[in-house]
Structures are given as C-alpha cells and as structure tokens.
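This report concerns only the one structure given below.
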Amino acid sequence: MKTILILLTLALISPGSRAKSSAEGFIVTEGITYQCLKMTTGFSHTRIMTTEGEFLKIPNSSVKAYRIKDHQYELLPLLNVRGDTLDLVFMEFISRRDGCRLYRYCSNCGKYDPLNWEIAPQNRIYRYYLLSNGHLKLLKSEAETNDTLAWFNINVISDRRPR
C-alpha cells in the first residue's frame, strides 16, 4: 500500500505530469485565430507552427493581430498630430479600462519616423494612442500622456535625472 501511495505521489509531483501552456501566442487572420508556438515573419509571409504541430504560411497582408512573447499587437491606423491617417501599422496593446484601450507605437523602431518624415535617432521614441468609443486619438503632449497612463494605473518612470 505504501508503495502505491509513494508512486502516486511521485507521479503527481513530477515535472512531466504538470499542465503546460499549450500555446505561446496567437495570430488573427481573416477572422480565424490560430494558436501558435512559434512565429517567423518574413517579407511577404508569416510562418507559424500551431499547437498541433502544423506549419502554416500566412500572407502578411491578411494578419490583423498577433501575440507573441507576452506582447499583443493589433493593426490600427497611424495618426499624425492633425488626426490624418498616414498608414496602417501594428501597435502594441498596453491596457484596457472602462471600454477604452491604450496602445503604444514605436515611432522609429524601423529607423524612420513616419510622423516627422525623418531618419530617426537610435533611441526609441514611443507614441501613445487611446481608443475610445471607436475613435483612435494620438496623445500629443507629455502631460496628456502622463495623465492617461495614470488613469490606466501605469506608473511612469522618468529617465531624466535632476541636475
């Protein structure tokens, strides 16, 4: 009897018997959501390995959202300061509160800042967007951005040192 209890206990606490997350991320394309373990984005296609072990090749033009390595991105219009749409880009979803959603866009991660039409410096510039009642709005000033981040309960850590 003791042997059975010891074997049962060892089986329950062994690492192989624990439930593991079956998917690291997902990709949404043409209304279909695929759970994926790996994702590789190429020039015209994104290749994924699904949780079933199947490999799929999806055209980049049909990808609407994806989540990989705990970061979720959604295809949204890139707005300039005047509110004009410049392009459709993937913005990182940051938080949600009271029906509003906060997004972040790295303006110069591609080494070109489409909002200022200039080659961007090496340090990253993030711009924040608020989606409220179906309308996307660029947070234009630092004060407006800090107030909105505080409303979403996000702490702002400044890299500016007192002089």
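Condition test on Glu54, is it modelled with pLDDT under 95, at positive phi and outside the structural domain of Asp147 (by the TED database)? Answer is no for this residue. Looking at Tyr103, Tyr112, can you tell me which residue is at pLDDT 90 or above and in the same structural domain as Leu78 (by the TED database)? Result of the check over Tyr103, Tyr112: Tyr103. A single member of Val89, Val81 is open to solvent by 80 Å² or more (accessible area, probe 1.4 Å) and under 17 Å from Leu138 (Cα atoms), and it is Val81.
Of all residues in region 69-78, those satisfying the criterion of being touching a residue at least 40 places away in the same chain (Cβ under 8 Å) and open to solvent by less than 80 Å² (accessible area, probe 1.4 Å) are Leu76, Pro77. Total residues in region 45-89 satisfying the condition of being among the small types (Gly, Ala, Ser) and closer than 14 Å to Thr33 by Cβ: the figure is 2.
The values are calculated or read from the model by the stated rules, or taken from the named source; none is laboratory data. Please read all numbers here as calculations on a predicted model, not as lab measurements. Methodologically, a virtual Cβ is constructed for each residue, glycine included, from the backbone with ideal geometry; neighbour enumeration extends over all protein chains shown. Ligands, DNA and RNA are stripped out before the accessible areas are found, and what is left, the full protein with its side chains, is counted by its heavy atoms. Shrake-Rupley method; radii C 1.70, N 1.55, O 1.52, S 1.80 Å.
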